[in-house]
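Read the structure below first, then the notes.
The values are calculated or read from the model by the stated rules, or taken from the named source; none is laboratory data. Nothing here was measured: the structure is a model prediction, and the numbers come from that model. Every residue, glycine among them, receives a Cβ derived from its backbone with ideal geometry; neighbour counts consider all protein chains shown.
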Amino acid sequence: MSIVKLSDRLTRFLLVLAAIWAFVLTFFIIADIVGRSVFNSPVYGVPEIVMNSIVMIVFLQAGYAIRSGSMLRADFLAQRFPPAFGRVALALGYLLGAAFFAMILVGGWEAAIRSWVAGEYEGEGALRVPAWPTRFTILIGSALACFNYLLMAYLDIFRPEALRSAAGPVASDPDTSDPDNESP
């Protein structure tokens, strides 16, 4: 299995995991709303769970957004230049994205370890939510995002045809667009 396919499968898995968690999170929110309005008793801890979950969902989906080409970028600038220069400009943008996520990774590592060792919690009262899963999810998502930006830069410079073919199955249905899938 190539590194591109491995990255694509991992990003899809994390996307599905984030989507499932977002779906489950809606039930927490609905239960809290019904509890507040009907029974005058909220579900304790929902604000803390939602606060941490939103951050986790964003970082779990970052790798997929990068590989599918959905992350914000200025394609109109790259299209105004000759193809070779445009690819270099896009690769430079990918390298800047990798640097951004690398800074998050480096800057958050110590805080994540400290949070885990100290048993840091969010919230007060009836339900306290551990903070370390969110901090480590940020690190994992940032590492994958950094790797995917570096992969995109490499493919854009050295194998632009692979970038177009590899990015296609990520954004679409894997059963219909995967060239290795031999369906009749």
Exercise for the section: Evaluate the following for Gly141: is it touching a helix residue (DSSP H, G or I) at 6+ places or on another chain (Cβ under 7 Å) and over 28 Å from Arg12 (Cα atoms)? Expected result: no
Handout entry: Per-region count, region 50-87, residues small (Gly, Ala, Ser), loosely packed, with under 15 Cβ neighbours inside 10 Å and either under 15 Å from Ile140 (Cα atoms) or touching a residue at least 40 places away in the same chain (Cβ under 8 Å) (or both)
Key = 1
Fill in the blank from the handout: Flagged in region 89-126 as touching a helix residue (DSSP H, G or I) at 6+ places or on another chain (Cβ under 7 Å) and either among the aromatic types (Phe, Trp, Tyr) or touching a residue at least 60 places away in the same chain (Cβ under 8 Å) (or both), in numbering order, are Leu90, Ala91, Tyr94, Phe101, Trp109, Trp116, Glu122, Gly123
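Let's see how each residue does on (1) under 14 Å from Phe147 (Cα atoms); (2) modelled with pLDDT of 95 or more; (3) among the aromatic types (Phe, Trp, Tyr):
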{"position": "Leu6", "(1), (2), (3)": "yes, no, no"}
{"position": "Ala78", "(1), (2), (3)": "no, no, no"}
{"position": "Ala98", "(1), (2), (3)": "yes, yes, no"}
{"position": "Ile104", "(1), (2), (3)": "yes, yes, no"}
Completion exercise
If we keep only residues of region 35-49 that are assigned to a helix (DSSP H, G or I), of a type outside the set (Lys, Arg) and surrounded by 13 or more Cβ atoms within 10 Å (Cβ to Cβ), then the residue modelled with the highest pLDDT is Gly35
Completion exercise
Within region 76-122, residues aromatic (Phe, Trp, Tyr) and closer than 26 Å to Ala65 by Cα come out as Phe76, Phe81, Phe85, Tyr94, Phe100, Phe101, Trp109
Completion exercise
Picked from region 147-184 (must be surrounded by fewer than 16 Cβ atoms within 10 Å (Cβ to Cβ), under 20 Å from the mean Cα position of the chain (by Cα) and part of a helix (DSSP H, G or I)), the residue modelled with the highest pLDDT is Gly168
Exercise for the section: Residues being small (Gly, Ala, Ser) and either in a strand (DSSP E or B) or within 16 Å of Ala65 (Cα to Cα) (or both): count how many of those fall in region 123-146. Expected result: 4
Problem - So Ile30, is it part of a helix (DSSP H, G or I), at pLDDT 95 or above and more than 22 Å from Thr137 (Cβ to Cβ) - result: yes
Practice task
Within region 108-130, identify whether any single residue is among the acidic types (Asp, Glu) and under 22 Å from the mean Cα position of the chain (by Cα), and answer yes or no.
Solution key: yes
Practice task
Determine, yes or no, whether Ser37 is farther than 18 Å from Leu127 by Cα, among the small types (Gly, Ala, Ser) and under 12 Å from the mean Cα position of the chain (by Cα).
Solution key: no
